[in-house]
Amino acid sequence: MTVSVRPRAVALLLLLAATGCAGAQARPAAPRPTAGPAVGAEARNLILPFDSYAQSDADLLTISSAEDVLMGDCMRARGMTWKTLPRASGEDADPPNRRRYGVIEPEVAHRYGYHPPPDPPASAQHEADEKARDAALAPRERRAAYGTDGVGGCWKESHDRLEQRIPESAESLFNDLNLRLFDRSQRDAGVIRAVRAWSACMARAGLHYATPAQASDAPGWNKFPRVTAREIKVADADVRCKQETRLVSTWAAAEARMQRAALDRHAAALEALKTGSARWLASARAVLSGK
């Protein structure tokens, strides 16, 4: 099971190659990210059976911090310094299903429409600190840290040391089930009725959309960097109608039933996935605790 492919590092390598940056100047301070609204109660409490089989954003931040510690050891063994970042606790990380059913938080809808809100402050700060540190690496340091392709060097050594081998069949099965059951849940009779009620609610506001996906995707809101007044109007109505029709709770209940049935049918394979993920996280926590 693979957590990260380091797309930011690859992009950084291309950027530095294009600009000819030597990376020898003083390390820049990371800018303080803009904070988005706190996660709403409904999004925070939206839990599905599959959630315990997948690594959360908080888990991934823990693994990333442990890899960072191991990279420090690796870089020093190669005679180089390494600025280990403050540990990312992940306490404010987004819950797993915050946008699974589209925008569901009134404040998010009113401020950002269908555009994603900023990452939580601590998570965003960790990413900004990482980018600032990596941007300041000299070419020799960068190759030692990430290899020539951004996914090698000390990062790969650290990643491989922590990673727990999980059968590819289990990971593939989980990902396939997750997608297929989400699609199937939209054809559940109760969900269909709730979506129709949502559509009628939207129509009473003068907005004609058959499904939430049609409202969020059809106008192509995210093709534009700025949120428009029209987008805010639609998103506000979308969230209000979801609440009035109990669409999200109905949809989540249908999907939860399907996921529980799938867990019963594929218990052995998915338990291997869950065990491997737990061991991986335990290895990361051991590194961070100095054990």
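The values are calculated or read from the model by the stated rules, or taken from the named source; none is laboratory data. As the structure is a computational prediction, the values presented were derived from the model and not from experiment. Note that each Cβ is placed from the backbone with ideal geometry, even for glycine, and that neighbours are counted across all protein chains shown. Please note that ligands, DNA and RNA were not included when accessible areas were found on the heavy atoms of the full protein model with its side chains. Shrake-Rupley method; radii C 1.70, N 1.55, O 1.52, S 1.80 Å.
Tabulated data for the structure shown
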item	result
Index of the failed condition, Y101 passing every other in (1) modelled with pLDDT of 90 or more; (2) outside any loop (DSSP other than H, G, I, E, B); (3) hydroxyl-bearing (S, T, Y)	(2)
From the options A197, A229, A235, residue that is open to solvent by 30 Å² or more (accessible area, probe 1.4 Å) and touching a residue at least 24 places away in the same chain (Cβ under 8 Å)	A197
Hits in segment 49-79 (condition: touching an Asp or Glu at 6+ places or on another chain (Cβ under 6 Å) and modelled with pLDDT of 95 or more)	C74
Criterion (in contact with a His (Cβ under 9 Å, 6 or more places away or on another chain), touching a residue at least 24 places away in the same chain (Cβ under 8 Å), in a helix (DSSP H, G or I) and open to solvent by less than 10 Å² (accessible area, probe 1.4 Å)) met by exactly one of L173, L177	L177
All positions within segment 250-264 that are among the polar types (S, T, N, Q) and open to solvent by less than 30 Å² (accessible area, probe 1.4 Å)	Q259
Any hit, segment 211-228, residues being small (G, A, S) and within 30 Å of Y53 (Cα to Cα)	yes
Yes/no for G72 being open to solvent by less than 70 Å² (accessible area, probe 1.4 Å), free of Cβ contacts under 8 Å to residues at least 40 places away in the same chain and part of a helix (DSSP H, G or I)	yes
Filtered residue count, segment 222-255, keeping only those that are within 16 Å of V108 (Cβ to Cβ) and part of a helix (DSSP H, G or I)	15
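Yes/no matrix, rows are residues, columns are (1) of a type in the set (D, E); (2) assigned to a helix (DSSP H, G or I); (3) under 18 Å from C241 (Cβ atoms):
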position: A132; (1), (2), (3): no, yes, no
position: T148; (1), (2), (3): no, no, no
position: S158; (1), (2), (3): no, yes, no
position: A215; (1), (2), (3): no, yes, yes
